[in-house]
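Below you'll find the structure, written out as structure tokens, and then a few comments.
The values are calculated or read from the model by the stated rules, or taken from the named source; none is laboratory data. Source: prediction; values computed, not measured. In this analysis, Cβ positions are derived from the backbone assuming ideal geometry, glycine residues included, and neighbour counts consider all displayed protein chains.
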Amino acid sequence: MIAPLRVGIAGLGTVGAEVVRVIERQERTLSARCGRAIKVVAVTARSKAKKRGLDLRGIEWAKSPMAIAADPEIDCFVELIGGVDEPAGPAIEAALSSGKSVVTANKALIAKHGLRLASLAEQHGGALNYEAAVCAAIPVIKTLREGLAGTDIARIYGILNGTCNYILTRMEQEGLSFAECLADAQRLGYAEANPSFDVDGHDTAQKLSILASLAFGTKVAQSAVSVEGISTIAPEDLRAAADLGYRVKLLGVAVRTATGIEQRVHPTMVPRTSSIAQVMDVTNAVTIDGVGIPPITLVGAGAGAAATASAVVADIADVARGIRAMPFGRPVAKLKLTKKAPMERHEGGYYLRLMARDLPGTAGKIATRLAEQDISIESIMQRHPDGKVGGNGGARKSQPVPVILVTYATTEDAVRRALAAVQRDKVISGRPQLIRIEKN
């Protein structure tokens, strides 16, 4: 009879407490699936007195995460504290250095220190599993690392942040402003009091850097990701997107190009008929384009105690089975350096919204500046202040009129040069709106 896998958990917040419940509730199923029992034998958290609705009788309360990491009676150290420094980081290092396997949901730690931790796992024979760090219940890490091990990946992109998807969904469906939807997201607990990490795209960038490493064999580098958030998106952009057959999503995109791996996070127009366009509210989704196979889209809960605990327990089950996959799908020494690809090199279609002034020759000057950069226009639409959509007619008197252009594929550098020239011509008011288009 194989001895039970002895698990120590550091962190008993909503996720940690749910992990304990799931292991207890699924005891027989896990034992049957793994060929051995899984037992939580030690836990620790900042407050022992906090009511968690758990029966911890028979489970040791350790003095610190480091105490669990150093305990020779523990086989698998589960870190659910969060943060990139103490106590999480040193405790994980200690556990791996002692030959233990580690399971974590800490995306920030993996994005910043994942390579060093993976090296320790390789050296000492333990596993480093982190499925819950990206998209929680969606098994995208295992899909890339194991399920598609024999497939060349051309592109991976997705909705990796539920807060932003919720805000964009509400803005589209109810015509609300970004500020109104953000305030509601904070009230409902979907957004933090300081929401910048989510809405400015940095949470998505951390997750994308991890997925890009798995997909393309690159070293995890958040600094290689170009990042834009959603705060500049206005309801009129979402209405225009619908008229044009698109929907706006905050996407993380990593794609193989002739000059290297392009990694970017930004608001994106996607065809309304695409799988990813159907993903609304706080749900996450990831699409993987593999060479020789149709695109694969994984959709599910990207946050929440139950979803995250599901991924954590699945990782613990892999440890119990004896699975020791390389954390990033390849030995760390085989991972390639990657640099930030200048967005100026990006090629694709663009949505442009310009506030055209009521001046003679405005339309001609805009067209001339675009033509100077060899930019071809796929469609043009004018929205009057009363909400009516027009064609190529002139601007109304007394106030600027939104003119919406959709370009054929071109370079970001060309678009930026053209817009700068239009601004110098003083035929538009304010800053132009630019949203990239991602085709199927």
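So which residues in region 247-266 are buried (at least 24 other Cβ atoms within 10 Å of the Cβ) and not β-branched (V, I, T)? Within region 247-266, K249, L250, L251, G252, A254, Q263, R264 qualify.
Here S209 does not fit the description of being surrounded by fewer than 18 Cβ atoms within 10 Å (Cβ to Cβ) and either aliphatic (A, V, I, L, M) or assigned by TED's automatic domain parsing to the domain that holds A149 (or both).
Contact map, region 223-248: residues that are under 19 Å from G201 (Cα atoms) paired with residues that are among the β-branched types (V, I, T) and part of a helix (DSSP H, G or I), Cβ distance under 6 Å, separation 6+ or inter-chain. Pairs shown: G229/V199; I230/V199; S231/V199. Which residues, counting only those in region 60-74, are in a loop (DSSP other than H, G, I, E, B) and surrounded by fewer than 17 Cβ atoms within 10 Å (Cβ to Cβ)? The answer is K63, S64, P72, E73. Annotation: of all residues in region 154-187 being touching a Phe, Trp or Tyr at 6+ places or on another chain (Cβ under 8 Å) and of a type in the set (A, V, I, L, M, F, W, C), the one that is nearest to V255 (Cα to Cα) is I167.
Here is a check on your reading of the model: is V220 in a loop (DSSP other than H, G, I, E, B) and outside the structural domain of A132 (by TED's automatic domain parsing)? The answer is yes for V220. Filtering region 135-153 to residues that are farther than 17 Å from G217 by Cβ, at pLDDT 95 or above and aliphatic (A, V, I, L, M) leaves only I138. Summed over region 305-363, the residues that are within 30 Å of V401 (Cα to Cα) and among the aromatic types (F, W, Y) give a count of 2.
Annotation for region 36-49: no member residue is assigned to a loop (DSSP other than H, G, I, E, B), in contact (Cβ under 8 Å) with a residue 40 or more places away in the chain, closer than 20 Å to A307 by Cα and β-branched (V, I, T).
Residue-wise test of (1) in contact with a Lys or Arg (Cβ under 6 Å, 6 or more places away or on another chain); (2) touching a residue at least 24 places away in the same chain (Cβ under 8 Å); (3) outside the structural domain of L405 (by TED's automatic domain parsing); (4) within 24 Å of I153 (Cα to Cα).
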| position | (1), (2), (3), (4) |
| --- | --- |
| A311 | no, yes, yes, yes |
| K334 | no, yes, yes, yes |
| Y351 | no, yes, no, no |
| G364 | no, no, no, no |
| R369 | no, yes, no, no |
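Listed by first and then second residue, the pairs linking a residue in region 265-282 that is more than 19 Å from P294 (Cβ to Cβ) to a residue that is of a type in the set (D, E), with Cβ atoms under 8 Å apart and 6 or more places separating them unless they lie on different chains, are V265/E228; H266/E228; P267/E228; T268/E438; M269/E438. Apart from one condition, I9 fits all of (1) without any contact (Cβ under 8 Å) to a residue 24 or more places away in the chain; (2) part of a strand (DSSP E or B); (3) not basic (K, R); the exception is (1). Across region 91-99, a minimum of one residue is classified as touching a Gly at 6+ places or on another chain (Cβ under 7 Å), within 19 Å of I316 (Cβ to Cβ) and in the same structural domain as A37 (by TED's automatic domain parsing).
From the list S119, S101, the lone residue that is crowded, with 23+ Cβ neighbours inside 10 Å, within 20 Å of L214 (Cα to Cα) and in contact (Cβ under 8 Å) with a residue 60 or more places away in the chain is S101. When the residues of region 133-189 are filtered to those that are over 13 Å from T283 (Cβ atoms) and of a type in the set (S, T, Y), the one that is surrounded by the fewest Cβ atoms within 10 Å (Cβ to Cβ) is S177.
Is region 375-389 home to any residue that is in a loop (DSSP other than H, G, I, E, B) and at pLDDT 95 or above? So far as region 375-389 goes, yes, one or more of its residues are in a loop (DSSP other than H, G, I, E, B) and at pLDDT 95 or above.
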